[in-house]
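Only the coordinates and a few stated rules stand behind these numbers; no lab work does. This one's a predicted model, so the numbers in the text were calculated from it and none came from an experiment. Don't worry about glycine lacking a Cβ; one is built from the backbone with ideal geometry, like all the others, and counts go over all protein chains shown.
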Amino acid sequence: MKHAIPFLLALAGSLALAGCTGYRPPPPAFHEALHQPYVMDAGDRLRITVFGQADLTNTYNVDQAGYIAFPLIGSVPARGLTAKQIEQKVAQMLREGYLRDPDVTVEVDRYRPVFIMGEVGAPGQYSYVPGMTVQKAVAAAGGFTPRANQANVDVTRAINGEVITGRVVISDPLLPGDTVYVRERLF
C-alpha cells in the first residue's frame, strides 16, 4: 500500500497535466474531411466557363461573405458548395431570363491559403497546393526552428461550420484554409 500512493499521485499528476493541454487526438471527422469533395469558402478563386459566352467566362473570387459577383445574375452563393453545385446554381440563374441552355463549368483556379504559426522560420500565410502535407507547409515557412517539436503539430480546420483542432504527425495532408501551429519542444 505504501508504494501505491506515490504511483497514484504520479498518475493523477500526469493525467492533470495531460488535461491542461486542451488537445486530444483529432476526431474521425477531421481525417474524413480529406476524402470529401472540396467545398468553397472565402479566399478561393474560381475559373467559371460559360461555353459560347466569352464575356461571362472569367475568374471570380469568393468574397468574405461567401458569394461570387457574377455578371448578369449578381451574387451567387459559393460558401460550402462544391464546384458541381456552383455549376448547377450558375446555370439555373442564367436560365432565368438570360440564356436558353447554358453550359457552365467551374474549377478552382487558386485555393484559399494555409497559415503556419509557431516555431517556424517565417510564420505567415502561404499558398495551398494540392497534395500539401504539414511537412511541406513547414518547409515553405522556412522550416522548423531549433526549439520546434518536429514530431507532431496542431492543425485547426473548419469542418461543417465547426472549428476543430487536432494534433497530427507532420506527414498528414492539409486542406485549404488550415492553420498549422508548431509547438515548442519541452526538452
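Can you sort D44, D103, D172 by how many other beta carbons sit within 10 Å, fewest first? Mind showing how you got there, number by number?
On the way: D44 24, D103 13, D172 20.
Fewest to most other Cβ atoms nearby, the residues stand as D103, D172, D44.
Would you mind getting me the FRET efficiency between T82 and R147? Use the beta-carbon distance for r and R0 = 41 Å, nearest 0.05.
The pair T82/R147 has a calculated efficiency of 0.50.
Translational diffusion coefficient, Stokes-Einstein: compute it for the chain using the Kirkwood radius over C-alpha pairs as Rh, at 25 °C and 0.890 mPa s, and state it as an integer in µm² s⁻¹.
128
Please give the FRET efficiency for E184 paired with Q64, using the beta carbon to beta carbon distance and R0 = 30 Å, rounded to the nearest 0.05.
On the way: r = 33 Å, r/R0 = 1.09.
E(calc), rounded to 0.05, equals 0.35.
Kindly provide the helix-only [θ] at 222 nm of the chain, computed as the sum of -39,500 (n - 2.57) over DSSP H runs of four or more divided by all residues, to the nearest 500 deg cm²/dmol?
For the chain, the value works out to -6500 deg cm²/dmol.
Limiting things to C-alpha atoms, what are the Rg and the maximum Cα-Cα separation (Dmax) for segment 82-127, in angstroms?
Cα radius of gyration and Dmax of segment 82-127 are 18.3, 56 Å respectively.
Tell me, Kirkwood radius of segment 45-110 from alpha-carbon pair distances, in Å? Don't jump to the answer; show the numbers that get you there.
Details: mean 1/r = 0.0856 Å⁻¹.
Here the Kirkwood hydrodynamic radius works out to 11.7 Å.
Roughly how many nanometres apart are two label points built 7 Å out from the Cα toward the Cβ at Y38 and S127?
1.3
So, by mean Cβ neighbours within 10 angstrom, what's the order for 107-113, 158-164 with the highest one leading?
107-113, 158-164
Can you give me the relative contact order of the chain as a percent, contacts being Cα pairs under 8 Å and 6 or more apart?
20
Kindly express, to the nearest 10 degrees and within the range 0 to 90, the angle between helix 4-20's C-alpha long axis and the longest C-alpha principal axis of the chain.
Orientation of helix 4-20: about 20 degrees from the principal axis.
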